[in-house]
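The next block holds one structure in the form of structure tokens; read it before the comments.
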Amino acid sequence: QSIVSSTLCAINNTGTMLCVSGYNYDTLYLYAIIEGNLIFLRSIKTDINSISSMSFNQDGTMLAVGGGDGGLGYARLYVYKVDGLSVTFLSNLSSYTNTTGFIRAITFSPDNSLLVAGLFNGAYSGGTYVFELEKHVSGFYYAVNDIALSPDGKWLVVGGGSKTSFYPTYYGTDYVNIFRVTYGTNPTIEFTQTINLNAGVGISAPDALCY
């Protein structure tokens with residue numbers, strides 16, 4: 001079982017499951033990893049016309065998948081429950097991102113309590129959405145290319161448009177926005193600063209972040 005252009009993949013924390021998809025694909029392809037070999041498990045067809053991001057949570061019990069309907073379609077964000085090699089639908093978070101564009105980046109906090117999704121909808125628009133299970137915790141609105149959480153989960157870094165300026169430079173997504181994350185009964189996401197990478201006119205960066 002294969003797809004023509006696999007541009008996305010995610011492996012669970014135990015290294016026993018691989019999820020593969022790609023741009024302009026609406027289907028997830030799941031494989032078991034057994035002694036270094038890939039064994040096809042099943043495919044899951046979604047109503048996401050173009051899957052653009054996916055991530056397992058830290059203990060491998062959830063798989064989040066994001067994308068968009070293409071063109072002027074709406075962004076889509078779904079969460080699946082993972083139990084061993086079984087994957088079943090858990091929740092639809094798309095209503096919180098009720099806008100055009102596509103979910104470009106997804107990550108989970110180290111304690112699995114928060115899901116962060118980044119929306120890209122052109123050079124000047126998009127958003128960062130933070131969820132506690134199905135509760136929408138917070139939102140910040142600007143184009144998002146990628147997101148990363150620090151290993152202790154206390155700092156969220158978002159690459160894309162400027163948090164402090166709605167209209168940065170032309171194609172201006174060359175910024176890094178930093179947020180402080182507080183956990184507990186009522187989690188908070190506090191903006192601290194924006195860093196201009198000065199990548200230059202016509203540059204859309206950063207496309208990848210690692211903390």
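Any residue that is at pLDDT 60 or above, among the basic types (Lys, Arg) and open to solvent by 20 Å² or more (accessible area, probe 1.4 Å) - is there at least one of those in the stretch 135-153? No, the conditions are met nowhere in the stretch 135-153. Within the stretch 15-31, residues that are open to solvent by 30 Å² or more (accessible area, probe 1.4 Å) sit with their Cβ atoms under 7 Å from residues that are charged (D, E, K, R) and in a strand (DSSP E or B), at 6+ positions apart or across chains, in these pairs: Asp26/Lys45. Among all residue pairs at least 6 apart or on different chains, which show Cβ distances below 9 Å where the first residue, located in the stretch 181-208, is under 15 Å from Ala148 (Cβ atoms) and open to solvent by 70 Å² or more (accessible area, probe 1.4 Å) and the second is modelled with pLDDT of 65 or more and part of a loop (DSSP other than H, G, I, E, B)? Filtered contacts from the stretch 181-208: Leu197/Asp174.
The residues listed here are Ser109, Ser94, Ser52, Ser113; of these, the one that is in contact with a Lys or Arg (Cβ under 6 Å, 6 or more places away or on another chain) and under 22 Å from Ile189 (Cα atoms) is Ser94.
For the stretch 78-89, the set of residues classified as on the phi < 0 side of the Ramachandran plot and surrounded by fewer than 17 Cβ atoms within 10 Å (Cβ to Cβ) consists of Lys81, Asp83, Leu85, Ser86, Thr88, Phe89, listed by residue number.
Could you go through the stretch 23-38 and let me know if any residue there is of a type in the set (Asp, Glu), at pLDDT 90 or above and closer than 23 Å to Pro110 by Cα. No, there is no match, as no residue in the stretch 23-38 is of a type in the set (Asp, Glu), at pLDDT 90 or above and closer than 23 Å to Pro110 by Cα. The single condition among (1) surrounded by 20 or more Cβ atoms within 10 Å (Cβ to Cβ); (2) in contact with a Phe, Trp or Tyr (Cβ under 7 Å, 6 or more places away or on another chain); (3) free of Cβ contacts under 8 Å to residues at least 40 places away in the same chain that Thr46 does not satisfy is (1).
The values are calculated or read from the model by the stated rules, or taken from the named source; none is laboratory data. Here the structure is a predicted model, which means the values were calculated and not measured. Neighbour counts are summed over all protein chains in view; Cβ atoms, including those assigned to glycine, are modelled from backbone coordinates with ideal geometry. Keep in mind that these areas ignore ligands, DNA and RNA; they rest on the heavy atoms of the full protein, side chains included. Shrake-Rupley method; radii C 1.70, N 1.55, O 1.52, S 1.80 Å.
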